[in-house]
Amino acid sequence: MRRWLMLPPLAVALTACVTINVYFPAAEAREAAKQFVEKVINETDAPAENVKPGGGSASIRVPWDERVAAGLARVDFASLIGIGSAHAQSQPDITIKTPAIQAIQSRMEQRFNSQLRAAFDAGALGFTGDGMITVRDAAQLALKDRVAVNQAVAEDNRDRAAVYREIAVANGHPEWEPRIREVFAKQWIASARSGWWYQSGGSWKQK
């Protein structure tokens, strides 16, 4: 009887030993950023290929909560006796397929094609190092277009800030927002077309 009475406290103690460390999934964030950015600035409506870095096909996505449950189900609790603690390390996927994120993406794509692309091609606009855009050289814009382009830049920057925040929140980690912004900032520059301008080290450079 004593042996059975000891089982619940032992189970609680073993469960308490298990911790889950969630690391920022940088590789998947880069993949998500590339898909998002290319959809916005691509001249065609062809969808970005869902390819893992290195050329392999993307794996089937498994919801984060199911992956956690599956990971815990595989924990060998007997192995925890005498060890002290175990770390179930897992990396959640970065999702960009929520209604809010896709609505922002659609607005940005339409704005880019209707107003911003021509200004980038003319050298008037540039990508900043913090994931935003700015008017780099207003002289490259016709006088009649300057007010509209300035307004489009302001609207686009609001959407950019919103999407970085929304992606972090949608993935259950609001604290990831600075990391998401950093990844996207690099991707905007990486995806910039030939002749477009971007900031690097505090100075402007041209692709």
Task: Residues ASP145, ASP121, sorted so that the one with the fewest Cβ neighbours within 10 Å comes first - done: ASP121, ASP145
- [ ] Order by neighbour count: PHE127, PHE112, fewest other Cβ atoms within 10 Å first, most last.
- [x] PHE112, PHE127
Task: Cα→Cβ-extended label distance, 7 Å offset, between GLU38 and ALA139, nm - done: 3.7 nm
Task: Likely footprinting exposure, VAL147, VAL153, fewest C-beta neighbours within 10 Å first - done: VAL147, VAL153
Task: Fully extended contour minus Cα-Cα distance, from ALA162 to ARG117, at 0.36 nm per residue - done: 14.1 nm
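FYI, it's all coordinate maths here, none of it is from the lab. In this text the structure is predicted, and so the values were computed from the model without any measurement. Neighbour counts are summed over all protein chains in view; Cβ atoms, including those assigned to glycine, are modelled from backbone coordinates with ideal geometry.
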